[in-house]
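Everything below concerns the one structure shown next.
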Amino acid sequence: MKKMTLRLVMLVMAALLACAPALAEVDAFTSASVTDFYGDNALTGDELMNAINSFSGFYLVCTTNPDGSANAGYFIYGCAELDGKYYLKMGLA
């Protein structure tokens, strides 16, 4: 009987420890995303689209296949407006 009681107490303690993070009032992830630090200075709309499109460059990504042959991909990005909404576009070559 003592073993059963001890196991029950240990199970309850483990459950309480597992629930402790969920009971915290504020965590770093959700509290960090509720404040807009750059709202006054951030680019939006056409200014943002023009800034993205004015950047010239690409990203080169290289990988190796299981047989040892190489792969290389060039990623080129830009911004486009369609029906009043802005979309980020990615080109792959």
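Of the residues screened, Ala51 is one that is surrounded by 10 or more Cβ atoms within 10 Å (Cβ to Cβ) and not in a strand (DSSP E or B). The residues of the stretch 55-77 that are among the aliphatic types (A, V, I, L, M) and either within 24 Å of Leu88 (Cα to Cα) or in contact with a Gly (Cβ under 6 Å, 6 or more places away or on another chain) (or both), listed by number, are Leu60, Val61, Ala72, Ile76. If you check Gly39, Gly57, Gly45 for being at positive phi and either loosely packed, with under 10 Cβ neighbours inside 10 Å or touching an Asp or Glu at 6+ places or on another chain (Cβ under 8 Å) (or both), only one passes: Gly57.
None of the figures in this text is laboratory data; all of them are computed from the coordinates on show. All values derive from a computational prediction rather than experimental measurement. Cβ coordinates were reconstructed from backbone atoms using ideal geometry, including for glycine residues, and neighbour counts include every protein chain displayed.
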